Amino acid sequence: MRHCLVPTLALALLCMASVGCGPHGETGVPEGQDKPWAELDESERMQHMGAVVMPRMQAVFQGHDPKRFANFGCATCHGGGSANGDFTMPNPALPTLDASNLYKKHRKESPEMTKLMWKEVEPAMGESLALTYGLGDAQFTCANCHIVENAD
């Protein structure tokens, strides 16, 4: 029985890795824009964040926990500096993430929040900015918003 279990487990892990670990989405031009995110100037980015990103992310976070995220706004992700026009990311006020063992610490301590981030937040942000998202060579990852340790 043990000899049969090892190849089955290896195959299952390989399938999970090939489906869930690489970048998803497509690089392109964000909705309502005429050039990629990297080429947008500050004014175009502000307009896009207000018109596309904010409503979409507000729905995602409030859909997860309407009470906790009742006052969702720029500061939710960008921190208090956003009130003064400082939208620097990653934001050190957000939880620092430990990437070791595929974020095992966070999957264990905060499974619902980790699931929300991986299944809803990261895809919604990647799609909103027309960037690939997920693990591997993705353009939008946890590290765009959070400081990530042990990422090697």
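Readers should treat all values here as calculations from the given coordinates under stated rules, not as data from a laboratory. Computed from a predicted model, the values in this text were never measured in an experiment. No Cβ is skipped: glycine too gets one built from the backbone with ideal geometry, and neighbour counts run over all protein chains shown.
Summary of values
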quantity: Convex hull of Cα atoms in the stretch 18-102, direction-averaged projection (nm²); calculated: 7.6
quantity: Lysines with Cα under 30 Å of LYS108, excluding same-chain neighbours fewer than 8 positions away; calculated: LYS67, LYS119
quantity: Proximal charge balance of GLU109 [Cβ under 14 Å; K/R count +1, D/E count -1]; calculated: +3
quantity: Qualifying aspartates and glutamates (Cα of each under 15 Å from Cα of LYS105; at least 8 residues distant if same chain); calculated: GLU149
quantity: Net charge contributed by nearby residues that have their C-beta within less than 11 Å of ARG56 (K/R +1, D/E -1); calculated: -3
quantity: Charge tally in the Cβ shell below 14 Å around CYS145, where Lys, Arg are +1 and Asp, Glu are -1, CYS145 excluded; calculated: -2
quantity: Computed over the stretch 31-149: relative contact order in percent, which uses C-alpha pairs under 8 Å that are six or more apart; calculated: 28
quantity: Long-range HN-HN contacts of PHE140 with modeled amide H, under 5 Å; calculated: THR132, TYR133, GLY134
quantity: For the stretch 46-75 versus the stretch 78-152, the gap between their alpha-carbon centres in whole angstrom; calculated: 15
